[in-house]
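J.: Dropping the structure in here first, questions after.
The values are calculated or read from the model by the stated rules, or taken from the named source; none is laboratory data. Given the structure is predicted, the values throughout are model-derived calculations rather than measurements. Ideal geometry is used to build each Cβ from the backbone, glycine not excepted, and the neighbour counts take in all protein chains shown.
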Amino acid sequence: MDTAWGDGTRSVRAGEEAPLPGTPLRPSPVFAAPYHLGDRPPREGGADAYARTEHPTLRVFEAAVGELDGGRCLSFATGMAAISAAVLAVARAGDRVVLPSDGYYTTRLLAREELERFGVDVEYVATPEIGAVAARGGLTGARLVLLETPSNPQLDVCDIAAVARATRAAGAVLAVDNTTATPLGQRPLALGADLTLGSDTKALTGHSDLLLGHVSTADDELYARLKAFRDSTGGLPGPFEAWLGHRSMSTLDLRLARQAATAAAVADLLAAHPAVTGVRWPWRPGDPSRDLASRQMLRPGGVVSAELADAAAVSRLLTTARLWTAATSFGGVHSTVDRRAQWGGDAVPAGFVRLSCGIEDTADLVADLTAALDAV
């Protein structure tokens, strides 16, 4: 694919092979589990053998995501399956792993309930602090460093390139959870990361009807290690999910543009409303992450965080709103509000909310949210 093409073209054309007359315009899913072997050894000449290790629909989807990431992609059944593979394929007993203390809480749950059980030494560093830790040599001795930027749910940003230089000097592997940014919003591999990963359940596929995740890398050794891990553990998606994911990501550029435009308007509304404090959107003037996000990221996103007085205030807002739905996850075409404290995994106030802007009309969403806030 021509790297000079714009985001819209790349989203639609990623993963496509040269057209052949008489073949479908878009690939269809291939549902076979075993494949005919004939008299040849399995996988000779790249032939498929068994869908747990490879299948043609998955290859097309992985080619598409890998082109957007700038590396080779391995797809997984969920975002947590991708994170688990990235960590467990790299770290061993006795290794030191550095994780974000303010990122997706299930990653910390994985560390507490699984990594520590396997004898992995886990250290937690907040996203705004990892740059300073790296600068003073605090990553020396680490085997793996995982960043999540912008962080979920508080939307802090860290300097990927600076941390990449430190991890390279320390001999560590740097992985970046790029879920919030998406491959169109940020390219961690180009900034020096060894791995970029994401929960494709969210904005990449964007319709709230799939569970998918992926890891991409430009390092052949890491790719082989992750591929072997996935082959052994069986965490890859089925053909229908891979096909639907590929189809859905074609509209990524269009969806992100509408979501970002709405997020800008929503952030301004929230910041001006007396019922709201602590508004975060990395591209809003005055946000602590604005300067770094503007330099590092390629485009704004559609997630905003803020704080209402308490859980009752959030409940009142959701009772009044007609277009903002109470739901977890983010990045879908429907606008949602998630009170994060109800899940028990994030150290946030009871009234802290993550707003995911969908693709409804911006004016309608702003009017609806204004009415709901006034009711609060």
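J.: Residues in segment 219-234: is at least one at pLDDT 95 or above, crowded, with 24+ Cβ neighbours inside 10 Å and not in a helix (DSSP H, G or I)?
T.: Within segment 219-234 (the criterion being at pLDDT 95 or above, crowded, with 24+ Cβ neighbours inside 10 Å and not in a helix (DSSP H, G or I)), the answer is no, since none of the residues qualifies.
J.: Which numbered condition in (1) over 23 Å from the mean Cα position of the chain (by Cα); (2) in the same structural domain as LEU139 (by TED's automatic domain parsing); (3) farther than 24 Å from ASP231 by Cα is the only one that ASP2 fails?
T.: (2)
J.: Can you pull out the residues in segment 355-376 that are acidic (Asp, Glu) and either assigned to a loop (DSSP other than H, G, I, E, B) or under 20 Å from LEU252 (Cα atoms) (or both)?
T.: Passing the criteria: GLU360, ASP361.
J.: Next question, about the same structure. Considering only residues that are in contact with an Asp or Glu (Cβ under 9 Å, 6 or more places away or on another chain), among the small types (Gly, Ala, Ser) and surrounded by fewer than 22 Cβ atoms within 10 Å (Cβ to Cβ), which ones fall in segment 330-374?
T.: ALA347, ALA350
J.: Does GLY238 count as surrounded by 23 or more Cβ atoms within 10 Å (Cβ to Cβ) and either assigned by TED's automatic domain parsing to the domain that holds LEU189 or within 23 Å of VAL87 (Cα to Cα) (or both)?
T.: no
Conditions (1) over 21 Å from THR149 (Cβ atoms); (2) assigned to a helix (DSSP H, G or I); (3) touching a residue at least 60 places away in the same chain (Cβ under 8 Å), marked per residue:
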residue: ALA82; (1), (2), (3): no, yes, yes
residue: VAL90; (1), (2), (3): no, no, yes
residue: ALA93; (1), (2), (3): yes, no, no
residue: GLU114; (1), (2), (3): yes, yes, no
residue: ARG117; (1), (2), (3): yes, no, no
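J.: Any residue in segment 282-305 that is within 11 Å of ASP159 (Cβ to Cβ) sitting within a Cβ distance under 9 Å of a residue that is at pLDDT 95 or above and among the acidic types (Asp, Glu)? List the pairs, counting only those 6 or more apart or interchain.
T.: Listed by first residue and then by second, the contacts come to SER289/ASP156; LEU292/ASP159; ALA293/ASP287; ARG295/ASP159; GLN296/ASP159.
J.: Something else now. Identify, from the list ALA272, ALA264, the residue that is in the same structural domain as ALA313 (by TED's automatic domain parsing), surrounded by fewer than 24 Cβ atoms within 10 Å (Cβ to Cβ) and in contact with a Pro (Cβ under 9 Å, 6 or more places away or on another chain).
T.: Answer to the selection: ALA264.
J.: Looking at segment 308-329, can you tell me whether even one residue there is within 18 Å of the chain's Cα centre (by Cα), crowded, with 18+ Cβ neighbours inside 10 Å and at negative phi?
T.: For segment 308-329, residues within 18 Å of the chain's Cα centre (by Cα), crowded, with 18+ Cβ neighbours inside 10 Å and at negative phi: absent.
J.: Quick one: how many residues across segment 48-76 are outside any helix (DSSP H, G or I), modelled with pLDDT of 95 or more and surrounded by fewer than 23 Cβ atoms within 10 Å (Cβ to Cβ)?
T.: So the answer is 2.
J.: Only residues in segment 207-221 that are touching a residue at least 40 places away in the same chain (Cβ under 8 Å) count as the first member; pair them with residues that are surrounded by fewer than 17 Cβ atoms within 10 Å (Cβ to Cβ) and among the hydroxyl-bearing types (Ser, Thr, Tyr), Cβ under 8 angstrom, at least 6 apart or cross-chain, and list the lot.
T.: Short answer, once both residue conditions are applied: SER208/SER329.
J.: Something else: How many residues are in a loop (DSSP other than H, G, I, E, B) and surrounded by fewer than 17 Cβ atoms within 10 Å (Cβ to Cβ) when one looks only at segment 119-138?
T.: Counting residues in segment 119-138 that are in a loop (DSSP other than H, G, I, E, B) and surrounded by fewer than 17 Cβ atoms within 10 Å (Cβ to Cβ) gives 4.
J.: Please go through (1) free of Cβ contacts under 8 Å to residues at least 12 places away in the same chain; (2) surrounded by 10 or more Cβ atoms within 10 Å (Cβ to Cβ); (3) under 24 Å from PHE240 (Cα atoms) for PRO34 and return the number of the only condition it doesn't satisfy.
T.: All conditions pass for PRO34, except number (1).
J.: Same structure, new question: Inspect segment 292-302 for any residue being within 21 Å of GLU360 (Cα to Cα), of a type in the set (Gly, Ala, Ser) and either part of a helix (DSSP H, G or I) or in the same structural domain as THR370 (by TED's automatic domain parsing) (or both) and give the result as yes or no.
T.: Yes, that holds for at least one residue.
J.: Test GLY198 against the stated conditions and say whether it is buried (at least 24 other Cβ atoms within 10 Å of the Cβ) and either part of a loop (DSSP other than H, G, I, E, B) or without any contact (Cβ under 8 Å) to a residue 24 or more places away in the chain (or both).
T.: No: the conditions fail for GLY198.
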